[in-house]
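The values are calculated or read from the model by the stated rules, or taken from the named source; none is laboratory data. Keep in mind the model is a prediction, meaning the values are calculated, not measured. Every residue, glycine among them, receives a Cβ derived from its backbone with ideal geometry; neighbour counts consider all protein chains shown. Heads up: the accessible areas ignore ligands, DNA and RNA and are worked out on the full protein's heavy atoms, side chains in. Shrake-Rupley method; radii C 1.70, N 1.55, O 1.52, S 1.80 Å.
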Amino acid sequence: MIKILDNFFDDKLFINIQNHITSSIFFTPRYFEGKERTIENYYGSRFKLSEDKNLLNTFVKQAENKFNIKIKKIGPDSGIDLRNTDRFRPHTDKGKFNILIMLKGLSAITNGTVFFTEEELDIQVGFKENRAIMFPSDKYHSANVNEVLNVRRYTATLFVEDYEE
């Protein structure tokens, strides 16, 4: 099941988070695990949330409140991504489910996230700042493709490995 929530954070906190992620954290280039470091295997840059415990706790607490769950364990690779939306990179993730939070970027269907069923594009969720999506980690998904060059977006992902409802 895919759940979508708008207005994930209150306005003041959201603006503070946007300012923090665009001015105070450092991103590291990332490639698909176990793959050669080529442009085809590059999926963006990530800041691991484990490097900023206050930010991590803010995301976890808000996810628990908004999705009415108790997160017991998140994956160590949970973080904030900065990426271009220039090609599909369908993949699955480890864990039980992901919570993807759209933090900063162009509002557009072509800047959002897409989901696949049996290798066919099935569901498109447009990018909207302060929107969160919760979905099973084993659901094939990708950033959508934007034909406009150099369209970048910031998203945060919590890889939830254990939780209670």
Ordering 108-121, 90-103, 11-24 by per-residue average of other C-beta atoms within 10 angstrom, highest first, gives 90-103, 108-121, 11-24
With a cut-off of 15 Å, note down the residues of the stretch 93-109 whose backbone N falls inside the zone around a label point 7 Å from the Cα of SER50 toward its beta carbon. 94-95
Going from the alpha-carbon gyration tensor of the stretch 1-51, what semi-axes, largest first and in whole Å, does one get by taking the root of 5 times each eigenvalue? 28, 17, 9
Where does the stretch 45-98 land on the Kirkwood hydrodynamic radius, alpha-carbon pairs, in angstrom? 12.8
With a 1.4 Å probe and all protein chains left in place, how much of the accessible area of the stretch 1-124 comes from carbon and sulfur atoms, in whole percent? 48
Give me the accessible area of SER45, 1.4 Å probe, in Å² rounded to the nearest 10. 20
If the label point sits 7 Å along Cα→Cβ of LEU5, residues of the stretch 53-85 with amide N under 14 Å come out as 58-71
Tell me the volume per residue, in Å³, of the convex hull enclosing the alpha carbons of the stretch 1-104. 128
Please give the charge dipole size of the chain, origin at the Cα centre, charges +1 on K and R Cβ atoms and -1 on D and E Cβ atoms. Round to the nearest 20 debye. 480
Under the rule of -39500 (n - 2.57) per DSSP H run of 4 or more residues, summed and divided by the residues of the chain, what mean residue ellipticity at 222 nm is obtained, to the nearest 500 deg cm²/dmol? -5500 deg cm²/dmol
Among ILE17, LEU106, TYR42, whose Cα lies farthest out toward the positive end of the dipole of the chain, if unit charges sit on the beta carbon of Lys, Arg (+1) and Asp, Glu (-1)? ILE17
Measuring with a 1.4 Å probe in the full set of protein chains, what accessible area per residue, in whole Å², belongs to the chain? 56
Taking ARG37, ARG83, ARG153 and ranking on accessible area (1.4 Å, protein atoms only), highest first, one gets ARG37, ARG83, ARG153
Using the Karplus curve 6.51 cos²θ - 1.76 cosθ + 1.60 with θ = phi - 60°, work out ³J(HN,Hα) for each residue of the stretch 61-72 in order, rounded to whole Hz, and write x for Gly and Pro. 4, 5, 4, 4, 5, 6, 9, 6, 9, 10, 7, 9
With a cut-off of 8 Å between alpha carbons and a minimum separation of six or more residues, what is the relative contact order of the chain in percent? 30
In Å, the C-alpha Rg and Dmax of the stretch 87-158 are 11.6, 34
